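The values are calculated or read from the model by the stated rules, or taken from the named source; none is laboratory data. Everything numeric here is computed off the predicted structure, so don't read it as measured data. Methodologically, a virtual Cβ is constructed for each residue, glycine included, from the backbone with ideal geometry; neighbour enumeration extends over all protein chains shown. Heads up: the accessible areas ignore ligands, DNA and RNA and are worked out on the full protein's heavy atoms, side chains in. Shrake-Rupley method; radii C 1.70, N 1.55, O 1.52, S 1.80 Å.
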Amino acid sequence: MNPPGKEIATPFHLRFWGVRGSIPVPGARYAGVGGNTSCVQVLSTGIGSPGSGEVVIFDAGSGIRQLGRDLVSRPNPPAVIHILFTHFHWDHVQGLPFFLPLYSPRTRLILYSAHPPEELRCVLAGQMRSPYFPVLFEQVGAKIEFRQISCSEPTQFGDLEIDAFPLHHPQGSVGFRLVHPLRTAVYATDHEHGDPGSQCGLLFKSRDADVLIYDAQYTPAEYPKRVGWGHSTWLEATQVARRADVKQLVLFHHDPEREDDAVQCIEDQAREEFAETLAAYEGLVL
Ligand SMILES: [Zn+2]
Ligand SMILES: [Zn+2]
């Protein structure tokens, strides 16, 4: 868990607002890594930087709450916000009702998933329906559009291109390959190894990536009792990173039971297998 170091001029950065899997975990023993569920912001000179007017976000776990506060505190909050959902498990959508820009009429919110637009709308409206939440999704202030992201054609976001591809997970999940002519990153959370088709696709999409963010929820010792739960291990992460020849591996979607010292221990072990490994933590910028 080394600090990210000095930021250098690169085509985009990634900021981690939530790195936990399954459910948020409060408490001092989790505070170093952070207890919020999945949310990663893409920062670039074209999209996501202060004043650029646009933001791209992967997943709306509880980490998106703090990101929303950050966005609205800017002198010129972004007018266009793109949120790409990997899938609809609760830890990836639960932060949206607490995302402040959702309530601003100045926000144009464009929401993407691999499912038809109406299905995406129904899922997000469902978690805000009575009696689960006091404000209906239909009553929020933002202007909302729903789009289906293709797994066969890349989608362009300014100077960034995003490619979706299927992962192996109960009820499905997709990974995102983020491409700029000078830098590539892959966001592959909620994926279980062992399915030849999706594993092959993941390796192909991760080839030579500068950053690979990978689902490392379990240890190899825990995994045999969790086969079929939809998650992978830190050891498998290092093997994918080595085979795909990525430059930096980021262990992500930490188990809610994993206290800070245990995450550090996993990072140390993973570095023996693949030296350029980091365990993700809230506030990390890469
Ligand atoms: Zn998850
Ligand atoms: Zn999931």
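Please determine whether any residue of the range 218-227 is open to solvent by less than 10 Å² (accessible area, probe 1.4 Å), at negative phi and under 19 Å from the mean Cα position of the chain (by Cα).
Taking the range 218-227 as the starting set, the residues that turn out to be open to solvent by less than 10 Å² (accessible area, probe 1.4 Å) are 218.
Okay, now just the ones that are also at negative phi, so 218.
Applying the additional criterion that residues be under 19 Å from the mean Cα position of the chain (by Cα) yields 218.
Yes, that holds for at least one residue.
Spot the failing condition for residue 98; the list is (1) over 25 Å from residue 154 (Cβ atoms); (2) open to solvent by 20 Å² or more (accessible area, probe 1.4 Å); (3) touching a Leu at 6+ places or on another chain (Cβ under 9 Å); (4) aromatic (Phe, Trp, Tyr), and only one is missed.
Every listed condition holds for residue 98 apart from (3).
Consider the range 184-208. How many of its residues are farther than 13 Å from residue 244 by Cα, surrounded by fewer than 18 Cβ atoms within 10 Å (Cβ to Cβ) and in contact (Cβ under 8 Å) with a residue 40 or more places away in the chain?
So the count comes out to 0.
Within the range 223-265, track down each residue that is in a loop (DSSP other than H, G, I, E, B) and within 16 Å of ligand 1 (Cβ to nearest atom).
Of the residues in the range 223-265, the ones in a loop (DSSP other than H, G, I, E, B) are 227-232, 245-247, 253, 255-259.
Residues satisfying the conditions are 228, 229, 230, 231, 232, 253, 255, 256, 257, 258.
Looking only at the range 257-276, which residues are open to solvent by 20 Å² or more (accessible area, probe 1.4 Å), in contact with a helix residue (DSSP H, G or I) (Cβ under 9 Å, 6 or more places away or on another chain) and under 20 Å from residue 187 (Cα atoms)?
271, 274, 276
Scan the range 3-19 and give yes if some residue there is at pLDDT below 95, among the hydrophobic types (A, V, I, L, M, F, W, C) and in contact with a Lys or Arg (Cβ under 8 Å, 6 or more places away or on another chain), otherwise no.
Of the range 3-19, the ones at pLDDT below 95 are 3-13.
So of that shortlist, the ones also among the hydrophobic types (A, V, I, L, M, F, W, C) come out as 8-9, 12.
Still in the list and also in contact with a Lys or Arg (Cβ under 8 Å, 6 or more places away or on another chain): 12.
The answer is yes; a qualifying residue exists.
Of (1) in contact with a Cys (Cβ under 8 Å, 6 or more places away or on another chain); (2) within 16 Å of ligand 1 (Cβ to nearest atom); (3) without any contact (Cβ under 8 Å) to a residue 60 or more places away in the chain, residue 96 satisfies all except one. Which?
Condition (1) is where residue 96 drops out.
Restricting attention to the range 148-178, which residues are open to solvent by less than 40 Å² (accessible area, probe 1.4 Å), part of a strand (DSSP E or B) and away from ligand 1 (no atom under 13 Å from the Cβ)?
Selection gives 155, 157, 160, 162, 163, 164, 165, 176, 178.
Residues that are of a type in the set (D, E, K, R) and in a loop (DSSP other than H, G, I, E, B): does the range 90-106 have at least one?
Kept after step one, since they are of a type in the set (D, E, K, R), are these residues of the range 90-106: 91, 106.
Filter once more, keeping what is in a loop (DSSP other than H, G, I, E, B): 106.
The answer is yes, given that some residue of the range 90-106 is of a type in the set (D, E, K, R) and in a loop (DSSP other than H, G, I, E, B).
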